[in-house]
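The values are calculated or read from the model by the stated rules, or taken from the named source; none is laboratory data. Note that the structure is a prediction, hence the values are computed from the model and not measured. To get the accessible areas, we keep the full protein, side chains included, count just its heavy atoms, and leave off ligands, DNA and RNA. Shrake-Rupley method; radii C 1.70, N 1.55, O 1.52, S 1.80 Å.
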Amino acid sequence: ELPDSLKEQTYLKEWHVYSTLIQTIPAYIARFQDLRVLELPKNQINHLPTEIGCLKNLKVLNVSFNNLKSVPPELGDCENLEKLDLSGNMEITELPFELSNLKQLTFVDMSANKFHSIPICVLRMSNLQWLDISSNSLKDLPEDIDRLDELQTLLLQKNKLTYLPQALVNMPKLSLLVVSGDDLVQIPTAICESTTGLKFVSLKDSPVEKIVCEDTEEIVENEREREQVEKEFMKAYIEDLRERESTPSYTTKVMLSLQL
């Protein structure tokens with residue numbers, strides 16, 4: 001549990017709580033009106049309190065790799081939120097429509113959950129630049145996905161997509177699209193020939209052997225660890241890709257070691 005003395009330190013602007021057995025966020029979090037960053041990854045949190053909606057100045061919320069099954073509608077009141085990370089909870093299936101109010105969001109990570117479609121509220125996040133909804137159960141993308149006209153990175157690998165909508169061509173700032181090709185039967189020619197700057201990366205997932213184990217919690221934990229490793233690899237891959245693109249073609253990187 002969080003210490004009782006914490007409730008008196010309402011001047012804090014950041015909480016960073018990693019890898020504990022904490023299961024709940026206390027309701028007194030509503031008193032932390034100056035809170036800007038709430039980083040709570042890799043704990044045992046099973047729900048978010050409705051009082052989280054009182055954090056009007058919150059900019060970053062990271063509750064990845066916990067035990068969440070849902071998100072309270074009150075989160076939509078955090079109108080200054082810029083980054084939301086819900087990845088690795090494994091059980092979230094939908095997001096409340098009230099999250100449509102989060103117009104300042106630029107980064108949303110919903111990967112490694114059980115979404116069957118992109119939530120309507122996400123399509124209304126007009127400033128969204130990064131969307132990771134990989135490792136879910138998507139079978140198709142909404143035909144109006146081009147509403148996200150500020151989106152630059154869209155990560156879709158490890159889903160059940162069979163086709164990609166033509167609307168992707170109408171997204172002027174989309175530069176990185178990652179999918180896995182196991183179930184794809186058709187890719188619009190216009191996407192491959194797009195002159196909008198779209199980079200299309202197809203990752204062929206190799207089958208992962210399933211180990212039969214009587215301990216269900218151990219299976220879930222192993223799955224979470226694997227998802228975390230894959231996410232770290234993907235982020236490193238994207239950073240490397242962008243670094244190579246930002247290096248002028250006429251230059252060469254040289255490392256010099258000078259001993260004086």
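Can you tell me the accessible area per residue over the stretch 108-186, all protein chains present, probe 1.4 angstrom, in square angstrom?
Values: 2870 Å² over 79 residues.
I get 36 Å² per residue for the stretch 108-186.
Computed from phi, the 3J(HN,Hα) profile of the stretch 96-109 under the Karplus parametrisation 6.51, -1.76, 1.60 (θ = phi - 60°) reads x, 4, 4, 5, 4, 6, 7, 6, 8, 5, 10, 9, 9, 10 Hz, with x in place of Gly and Pro.
For Lys231, give me every one of the lysines with a C-alpha distance below 16 angstrom, ignoring sequence neighbours fewer than eight places off in its own chain. Answer for Lys231, where 16 Å is the Cα cut-off: Lys42, Lys158, Lys204, listed by chain and number.
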